[in-house]
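Notes follow once the structure below has been shown.
Rule-based calculations on the coordinates, nothing more; no lab input. This is a predicted model, so every value here is computed, not measured. Neighbour counts are summed over all protein chains in view; Cβ atoms, including those assigned to glycine, are modelled from backbone coordinates with ideal geometry.
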Amino acid sequence: MKTLSTRDLKRNAILWVIIALSVTTIPHFIDMPAILIPITLVPIAWRLLAEFRNWKPMPLIFRVFATVVAVSVLVVTYGGLMGRRAAVSLLVMMLALKLLETFSIRDARIVASLCLFLCATQFLFSQRFAMVFYIVACLLSTLIALMYLHRQEAYLPIHEAPDTGRSMFTELGFGLRLLLLAFPIGLTMFLLFPRWSSPLWGVPEAALDARSGLSNSMTPGSIQNLFMDDSPAFRATFQGSVPNNVFMYWRGPVFWDFDGQTWQSSYLSRNLPAETKPSLADAQFRYEIQMEPTEQHWIFALDYPAMVPKGTRLTMDYQLVSRRSITQLRIYPMASDPAFQDSPELKNTLLRAALETPVGYNPRTAQMMSEWRAETSSDAEIIRRALAYFNQEEFHYTLNPPLLSRHTVDEFLFETRRGFCEHYASAFTIMMRMAGIPARVVTGYQGGWYSGIGSYVLVRQSDAHAWSEVWIKGTGWTRIDPTAAVAPDRVEQGAMNSLAERRHLLDFEWLMSARNTLDLLQRGWNNWVIAFGADAQSRLFTIFGWGIFDSARLIIAMMSIIMVAGTAIFLLLPFFFRFRAAREQDAVLKLWQKFIRKLEKAGFTAKPSMGPIELGTLAGAQLEFAANRIEQITELYIRCRYSKNTDGREKLTELVRDFKPQTAA
């Protein structure tokens, strides 16, 4: 039988260690700065080449130099080592650099084991359904790598090992069986290990980077960048009828201050609470929000929220702000009254803030609005004239507007006339302020995709939108969406249907429809796995009529089930790990078994305890007419089976095939 050298064993082991590290690392590249990716890939590529070209380990001085350079670049890129992304990026690079000295079983086992830890860190950035496939891939590749390392270590003293001929799929099946054995205990611990109503550990605010969703400021291009992101923002399940798209304005950050380039919220708008709120009895829409983590503080609702979820406050802008960053899936009930009057009377301080414009900016717009004010008798007429201006002039709603410099509004209104929703909202708000009409910018989401199967509205990051609100005495703040004057389809049919150009090569309607439909899996994952908390756990056994379980009873139930499952797994081990693959692919053994079956047909019964010499002697004595042929086959089998000489395999095949003891003479 063919054997493998220690070198072959080592190569198989290190290749699977590299595969495990690569599988575990790839998703982390999404969250890493581009400059760190080649620093991670180079050590992996070097170790792969070193294995095939028989290179020696890299000298210590080079390994130290590479480590210093990698850490220095990371510190400069992130501005330090604080924060999750910096820490995880450091772990990724250090594991890759570890390959430069991974030439022993001990070092390879360390890398493979830490791959499991690196896999777990991905949960700091995502808890989506796709993580199931990522976890399985990481576990399988790591288990196979560890299995090869153990095999290498076992045969190291004799410097060779039998080649079982096991394929990659056979090895994957072995790893999958290991996972299946662990699954019952893992599921039991997930369901019954006592949970707290809040996370076991917290992430400091300084460690959060708030990269997901709307920002706390708005500049030209900020919402345009979100339009490229199709990740879900939240889902809304309505009680009763679902509002039309034109009514689905999901309120988010409200901006008052403008410095010529950037819109920001004011101190008063962030800190003053709402003096009144809509009556819950008058709320036209009632629904539940399932909001994805954003690491921001605001949560979303339709205008105007009549409920304030626990741990949330309602600002004077009727924006819902959470006291803690949204770092995990959040589900909250909500009700909204779109007919509510927002501030029919406005205090002088807020009135002045809503009329401020930066000095020395946009003189052409200021002159035009001064002329409009002189020609127009009412605020309502100026608003209508501004919307008509956007509708009748050559303005275009586009994903790729030209860059603007100092006088952003002037350049947009009189030169480029091409922009996204934030361009129109910003320009319209400044126009109103210059005409003496209080105005502010509101950001959030508009519209959503309704799932008829799941009966919920899916709002993606690409549905981000910006609009304006003007204040009219006696009426209060009134929503005005200038984008609707240029591209009505944006409001009526959604952002995806309002642009002529595609965002990227894979931006097809059928593909987006498929992604929206598959979101049902993510919603189910959120409901049954991510949102499975202390309350759901305590009520887990109520379906059996056992009442609510406290922590002590949960622990007792968990330990009992684990003991039963552990016993069952122990009893099933022989059935799970019957290594048939090697025997089935051992050609010499298969020939011997075929020979034994022919002897049994001739009347000789072989016992399992018999060795080949004993079996051949007894069979030859009983079947005297075939004794010579039996002795010849037995001797050839022993030589092929128990020595390195395999030259007689073809002869053995011929003898066994032609052996017919019934007719032998």
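Within the shell defined by Cβ-Cβ distances under 12 Å, the residues around Pro194 carry a net charge of +1, with Lys and Arg each +1 and Asp and Glu each -1.
Note on Arg479 and Ser378: the extension gain reaches 34.6 nm, defined as 0.36 nm multiplied by sequence separation minus the Cα-Cα distance.
Modelled spin-label separation between Ala87 and Met610, with each label point placed 7 Å from Cα along the Cα-to-Cβ direction: 6.7 nm. Over the C-alpha atoms of the stretch 1-133, the Rg to Rh ratio, Rh being the Kirkwood estimate, stands at 1.00.
How large is the convex hull of the Cα atoms of the stretch 217-513 per residue, expressed in Å³ as a whole number?
Numbers: hull volume 39.2 nm³, N = 297.
Measuring per residue, one finds 132 Å³ for the Cα hull of the stretch 217-513.
When each of Trp372, Trp55 is scored by the number of other beta-carbon atoms lying within 10 Å, the sequence from fewest to most is Trp55, Trp372.
Once C-alpha pairs closer than 8 Å and six or more residues apart are averaged by separation and normalised to the residue number of the chain, the relative contact order reads 14 percent.
Within the stretch 586-658, the proportion of C-alpha pairs whose separation exceeds 18 Å stands at 31%. State the answer as a single residue: which of Phe625, Gln593, Cys640 lies farthest towards the positive end of the charge dipole of the stretch 586-658, with beta carbon charges of +1 for Lys and Arg and -1 for Asp and Glu, about the Cα centre. Checking the options against the dipole of the stretch 586-658, the answer is Gln593. Projected onto their three principal axes, the Cα atoms of the chain cover extents of 126, 66, 45 Å, largest first.
Spacing of the modelled spin labels on Ile556 and Ser455, each 7 Å from Cα toward Cβ, amounts to 3.9 nm.
The residues packed around Ala606, meaning those with a beta-carbon under 14 Å from its beta-carbon, carry a net charge of +3 if Lys and Arg are +1 and Asp and Glu are -1. Measuring max minus min along each principal axis, the C-alpha atoms of the stretch 259-385 give extents of 50, 32, 25 Å (largest first).
Can you sort Arg151, Arg47 so the residue with the fewest Cβ neighbours within 10 Å comes first?
Working: Arg151 16, Arg47 26.
Ranked by crowding around the Cβ, least crowded first: Arg151, Arg47.
With bins 10 Å wide beginning at 0, the percent of Cα pairs of the stretch 48-116 falling in each bin runs 18, 44, 31, 7. Rounded to the nearest 10 degrees, the inclination of helix 587-601 to the longest alpha-carbon principal axis of the chain is 60 degrees.
Here Lys310, Lys594 are placed in order of increasing Cβ neighbour count within 10 Å, fewest first, which gives Lys310, Lys594. Rounded to the nearest 10 degrees, the angle from helix 551-576 to the longest Cα principal axis of the chain is 40 degrees. Rounded to the nearest 20, the size of the Cβ-charge dipole of the chain about its Cα centre is 2920 debye, with Lys and Arg at +1 and Asp and Glu at -1.
Other residues lying with their Cβ under 11 Å from the Cβ of Leu97 contribute a combined charge of +2, Lys and Arg counting +1, Asp and Glu -1. Remark on the chain: Cys115, Cys421, Cys640 stand apart, with no other cysteine beta carbon under 4.7 Å. With the helix formula -39500 (n - 2.57) applied to DSSP H stretches of n ≥ 4, the chain reaches a computed 222 nm mean residue ellipticity of -15000 deg cm²/dmol. Take the Cβ atoms of Lys347 and Phe117, set R0 to 60 Å, and the FRET efficiency comes out at 0.60.
Only four residue types carry charge here, +1 at the Cβ of Lys and Arg and -1 at the Cβ of Asp and Glu. Report the dipole size of the stretch 3-157 about the Cα centre in Debye, rounded to the nearest 20. All intermediate terms of the calculation are to be shown ahead of the outcome.
On the way: 14 positive and 6 negative charges, 30 e Å.
It comes to approximately 140 debye.
Cross-link partners of Lys98 among lysines, defined as those whose alpha carbon lies under 16 angstrom from its own and excluding same-chain residues fewer than eight positions apart: Lys56. Looking at the chain, send over the antiparallel percent of its DSSP beta bridges, to the nearest 5. Of the beta bridges lying entirely in the chain, close to 95 percent run antiparallel.
Which entries of Lys277/Lys473; Lys10/Lys607; Lys277/Lys347; Lys590/Lys660 have Cα-Cα distances beyond 28 Å here? Write out the running numbers ahead of the final one.
Details: Lys277/Lys473 19 Å; Lys10/Lys607 39 Å; Lys277/Lys347 17 Å; Lys590/Lys660 17 Å.
From Lys277/Lys473; Lys10/Lys607; Lys277/Lys347; Lys590/Lys660, over 28 Å: Lys10/Lys607.
Of the peptides 406-416, 183-193, the ranking by mean beta-carbon count within 10 Å, highest at the top, reads 406-416, 183-193.
Using Cα pairs closer than 8 Å and at least 6 residues apart in sequence, work out the relative contact order for the stretch 217-513, in percent. If you can, show how the numbers build up before the last one.
Values: 595 pairs, mean separation 71.5, N = 297.
Across the stretch 217-513, relative contact order equals 24 percent.
To test your reading of the geometry: what angle, between 0 and 90 degrees and rounded to tens, separates the Cα axis of helix 421-434 from the longest principal axis of the chain? It is inclined by approximately 20 degrees.
Given the convex hull over the Cα atoms of the stretch 240-331, what projected area results after averaging over all orientations, in nm²? Numbers along the way, then the final one.
Details: hull surface 29.0 nm².
For the stretch 240-331, averaging the hull's shadow over all directions gives 7.2 nm².
Measuring max minus min along each principal axis, the C-alpha atoms of the stretch 1-74 give extents of 51, 31, 13 Å (largest first).
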